[in-house]
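Novice: Please see the structure below; I have some questions.
Just so it is clear, none of the values below were taken in a lab; they were calculated from the coordinates. Since the structure is predicted, the reported quantities are computational estimates derived from the model, not experimental observations. Backbone-built Cβ (ideal geometry, glycine too); neighbour counts: all protein chains shown.
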Amino acid sequence: MLKAVIFDIDGTLYDYDSANEASMKVLAAYASEQLGWEPGRFQEESRRMMRRLHEKMGDVAACHNRLIRYQNILEEYGMPLHPHAMKLYEMYWETLMDAAEPSPGAEETMRELKKRGIRIGVGTDMTAWVQFRKLERLGLLGYVDFIVTSEEAGAEKPDRKLFSLCAEKAKASPEECLFVGDSFRKDYCGALEAGMKALWFVPPGKQTALDTPEKENAADTPEKAAAERIASLSEILERL
Ligand SMILES: [Mg+2]
């Protein structure tokens, strides 16, 4: 019997790509005005620093911390940390949270799951404070029974540790949990590997080619992944 549905946040409960794009535009304008950087440079530096920090720090929640990312860019170019580091960080999140709209059907699906006595969880690669704020701004935090961030789990998806902690908090065995997320490798395959049921969320306009499942992966056939692919969160209710 299904006891919990666990959601990824970014790209699942809201469209991360468009919200992130809105934020990066605001930051590029700030960098142009305050640091004299030509258009496009801030985003490029930001990507480069993200990769560098990821290599240095490994798969940990802190590598998503944009304050550390922006701080390191400024330090590298000998630019003043104050006020730029905090300003860039705060502008990024304020803009993203203003731009983020819940994915169609998110709230209705959560409401219906509650009605059916199914616990609602969140399993996400990120730091807790930012993810709580996102859920609050999306108007979904009130539906959520438990949250596992990679900051708390000490590991990022698809590491089994994060999924095990989700099941533990759901007071359920992994097979009594359904995980829903937009990343084929991290969410869908990660959840299957951990013994959970999984749905791969690919909303319209984000039709990615079906990644070739890796060998010895629990999603061992493209047919299985295609069958467990949904285009709208409301489809979850039909699949229970
Ligand atoms: Mg995601």
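Novice: Go ahead and set up a Gaussian network model of the chain, Cα springs under 10 Å, then flag whichever of Gly154, Gly205, Gly142 fluctuates most.
Specialist: Sorting by GNM fluctuation, first place goes to Gly205.
Novice: Quote the FRET efficiency, to the nearest 0.05, computed for Gln34 versus Ile68 with a Förster distance R0 of 22 Å and r equal to the Cβ-Cβ distance.
Specialist: Step by step, r from the Cβ atoms, then E = 0.65.
Novice: Compute the distance in nm between two label points, each set 7 Å from the Cα along the Cα-to-Cβ direction, one at Arg111 and one at Glu55.
Specialist: With each label placed 7 Å out from Cα toward Cβ, I get 4.9 nm.
Novice: What dipole magnitude, in Debye to the nearest 20, does segment 17-99 give about its Cα centre under +1 on Lys/Arg Cβ and -1 on Asp/Glu Cβ?
Specialist: Dipole of segment 17-99, to the nearest 20 debye: 220 debye.
Novice: Using alpha-carbon positions, what is the distance between the centroids of segment 4-30 and segment 118-181, in Å?
Specialist: First find each Cα centre; the distance between them is then 17 Å.
Novice: Need the list of aspartates and glutamates near Lys206 for cross-linking: C-alpha distance under 14 angstrom, and skip anything on the same chain fewer than eight residues off.
Specialist: The qualifying aspartates and glutamates are Asp10, Asp15, Asp17, Asp182.
Novice: Just want the ordering: Ser234, Ser46, from fewest to most Cβ atoms lying within 10 Å of their own Cβ.
Specialist: Lowest count first: Ser234, Ser46.
Novice: Hey, another quick one. Got the relative contact order for segment 17-99 handy, in percent, Cα pairs under 8 Å and 6 or more residues apart?
Specialist: RCO, segment 17-99: 41 percent.
Novice: In what order do Asp125, Asp145, Asp8, Asp15 fall by count of nearby beta-carbon atoms within 10 Å, going from fewest to most?
Specialist: Asp145, Asp15, Asp8, Asp125
Novice: Output ³J(HN,Hα) for segment 105-113: one whole-Hz value per residue in order, computed from phi by the Karplus curve 6.51 cos²θ - 1.76 cosθ + 1.60 with θ = phi - 60°, and x for Gly and Pro.
Specialist: For segment 105-113, the Karplus curve yields x, 4, 5, 4, 5, 5, 4, 5, 4 Hz.
Novice: Sticking with this one: What's the longest piece of the chain with no exposed trypsin sites (Lys or Arg not before Pro), counting a site as exposed if DSSP puts it in a loop and it has at most 11 other beta carbons within 10 Å?
Specialist: Longest run free of exposed loop sites: 1-115.
Novice: Using alpha-carbon pairs under 8 Å, 6+ residues apart, how would you state the relative contact order of the chain in percent?
Specialist: 23
Novice: Give the calculated FRET efficiency between His82 and Leu141 to the nearest 0.05, with a Förster radius of 25 Å applied to their Cβ-Cβ distance.
Specialist: The formula returns an efficiency of 0.20 here.
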